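Report on the structure given below.
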Amino acid sequence: MTDNEYKKIYAKDPGAAQKTLFNEYLSYVYAIVYNKLRSCGSREDMEECVGDVFSAVFISYDRNGCFDGDMKGFIGTIASRTAIQMYRRLVRRSDTVYIEDETTEIADSQQVENITERSDMRSTLLRLINSLGEPDSDIIIQKYYYNMNSNEIAGKHSMSPEAVRMRCSRALKKLRDLLTKEGYDMKEGNI
């Protein structure tokens, strides 16, 4: 939708113009928001962010009244910036522990031991993943840490999705063998 098309609809009925804009760009905005918030936000957070994006677009249009050409770039910029702001809020909020929180308990020795074991396991795992070399270590991290699919990883490494899946499978087998040599009990499905 261009600025002129939107202006014509807006002149007749601002509500209809907003609905039209919303319906046309909802998927686009949601994709941007999802990509920014998928690692830390809930579905409700994403929906709130999408609503904030469209509110900002409508308010900005009412104030300025025009954007030359296609509105997609303008909407994409607002979506990206709003999602980044939401991401920062969510990350900051998740790192904060409030003293008043009744669910917070002082860790007992068993909890401390479990936390230490998990920390050691993570350090070992990261060291062994890095020892796999490129691009295998990147593929494992992108797939299991960043939750990227084979098509996304393939695009970053100039490979086919099938090649990514094959390398990932082989890298997991190597990693399982390395973890076994390190003394970890590796039953099928633990990685």
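Which ones in segment 152-169 are among the charged types (D, E, K, R) and surrounded by 13 or more Cβ atoms within 10 Å (Cβ to Cβ)?
Selection gives 152, 156, 165, 167.
Identify, please: which residue in segment 122-150 is open to solvent by 70 Å² or more (accessible area, probe 1.4 Å) and of a type outside the set (S, T, N, Q) and is, among those, nearest to residue 39 (Cα to Cα)?
Ranking the qualifying residues of segment 122-150, first place goes to 146.
Check residue 71 against each of (1) at pLDDT below 85; (2) open to solvent by 40 Å² or more (accessible area, probe 1.4 Å); (3) over 30 Å from residue 142 (Cβ atoms) and name the one condition it does not meet.
Evaluating residue 71 over (1) at pLDDT below 85; (2) open to solvent by 40 Å² or more (accessible area, probe 1.4 Å); (3) over 30 Å from residue 142 (Cβ atoms) leaves (2) as the failure.
Just the residues that are farther than 16 Å from residue 165 by Cβ and part of a helix (DSSP H, G or I), please, taken from segment 122-136.
122, 123, 124, 125, 126, 127, 128, 129, 130, 131, listed by residue number.
Does at least one position in segment 81-88 carry a residue that is touching a helix residue (DSSP H, G or I) at 6+ places or on another chain (Cβ under 6 Å), modelled with pLDDT of 90 or more and hydroxyl-bearing (Ser, Thr, Tyr)?
Scanning segment 81-88 turns up at least one residue that is touching a helix residue (DSSP H, G or I) at 6+ places or on another chain (Cβ under 6 Å), modelled with pLDDT of 90 or more and hydroxyl-bearing (Ser, Thr, Tyr).
Does residue 26 satisfy the criteria of being in contact (Cβ under 8 Å) with a residue 12 or more places away in the chain, closer than 19 Å to residue 70 by Cβ and surrounded by fewer than 16 Cβ atoms within 10 Å (Cβ to Cβ)?
Criteria met by residue 26.
How many residues, within segment 51-68, are crowded, with 17+ Cβ neighbours inside 10 Å and at pLDDT 80 or above?
Count: 4.
Residue by residue, here is whether (1) open to solvent by 40 Å² or more (accessible area, probe 1.4 Å); (2) touching a Leu at 6+ places or on another chain (Cβ under 8 Å); (3) assigned to a loop (DSSP other than H, G, I, E, B); (4) under 11 Å from residue 86 (Cα atoms) holds:
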site	(1), (2), (3), (4)
7	yes, no, no, no
10	yes, no, no, no
22	yes, no, no, no
40	yes, yes, yes, yes
49	no, yes, no, yes
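Quick one: is residue 91 open to solvent by less than 90 Å² (accessible area, probe 1.4 Å), part of a helix (DSSP H, G or I), modelled with pLDDT under 85 and closer than 30 Å to residue 22 by Cα?
yes
The values are calculated or read from the model by the stated rules, or taken from the named source; none is laboratory data. From a predicted model like this one, the values you see are computed outputs, not experimental measurements. Methodologically, a virtual Cβ is constructed for each residue, glycine included, from the backbone with ideal geometry; neighbour enumeration extends over all protein chains shown. Just so you know, the surface numbers come from the protein's heavy atoms only, side chains and all, with ligands and any DNA or RNA stripped out. Shrake-Rupley method; radii C 1.70, N 1.55, O 1.52, S 1.80 Å.
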